[in-house]
Amino acid sequence: MRLLLCAALLLVAGPRLAQAQPADFAEEWRGQFEASARKFVALAEAVPAEAFEWQPADDVMSVAEVYMHVARYNYAYLDQNLGHPAPEALDYGALQGVVTGKSEVVPILAASMDHVREVTAAMSAEDWSAATELYGRTVGSWAVLLQLVTHMNEHLGQSIAYARSNGVVPPWSR
């Protein structure tokens with residue numbers, strides 16, 4: 001009897017489990033991305049230039065390195081996992097640890113957010129559901145974009161702590 005009940009549940013739930021994403025996922029994702037992207041760039045603009053080389057310890061990323069790490073992965077996820085390359089003149093692999101000045105870092109960070117916006121705005125519902133690879137797993141493209149936002153938010157929290165350690169109150173908290 002239990003076996004029959006399990007089989008019946010799979011017949012009913014199976015199609016639902018196989019759905020690539022909820023119909024409104026892209027819209028919800030865009031809202032989450034925009035909120036995080038705006039905060040990231042606003043925080044980078046608020047941190048004084050002299051604090052961009054600050055790091056909490058010798059073996060930890062500096063303020064600038066965190067921003068460039070996020071920019072790098074904004075480009076890398078789209079390029080390596082979704083097949084949307086970065087602008088031709090940009091070597092995103094060389095950003096972290098090389099670009100350190102505020103006058104260079106902030107525009108690169110902002111441009112990486114714009115690149116994500118442009119790519120995702122052009123994606124169809126089928127593109128969001130298309131199979132791709134992420135860390136050795138086959139997933140829908142939406143999962144790569146979810147990872148991108150998760151990655152950004154992890155480092156946004158880190159950047160908020162860095163900013164507060166340097167006496168900077170995040171602009172949205174004032």
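Before moving on, here are some points about what is shown:
- In this rough spin-label picture, where each label sits 7 Å from Cα along the Cβ direction, the Asn166-Arg117 distance is 2.4 nm.
- Just so you know, the Rg over Rh for the stretch 42-174 is 1.00, from Cα atoms, with Rh as the Kirkwood radius.
- The Cβ shell under 9 Å around Arg117 holds other residues with a net charge of -2, Lys and Arg each +1, Asp and Glu each -1.
- Peptides 133-141, 44-52 ordered by average Cβ neighbours within 10 Å, highest first: 44-52, 133-141
- With K and R counted +1 and D and E -1, the other residues having a Cβ less than 15 Å from that of Glu154 yield a net charge of +1.
- Positive minus negative residues near Met61 (Lys, Arg vs Asp, Glu; Cβ under 14 Å): -4
Read-outs: derived from the displayed coordinates by stated rules, not from any lab. What you see is a predicted model; the values in this text were computed from it and never measured. Quick reminder, even Gly has a Cβ in these numbers, built from the backbone with ideal geometry, and neighbours come from all protein chains shown.
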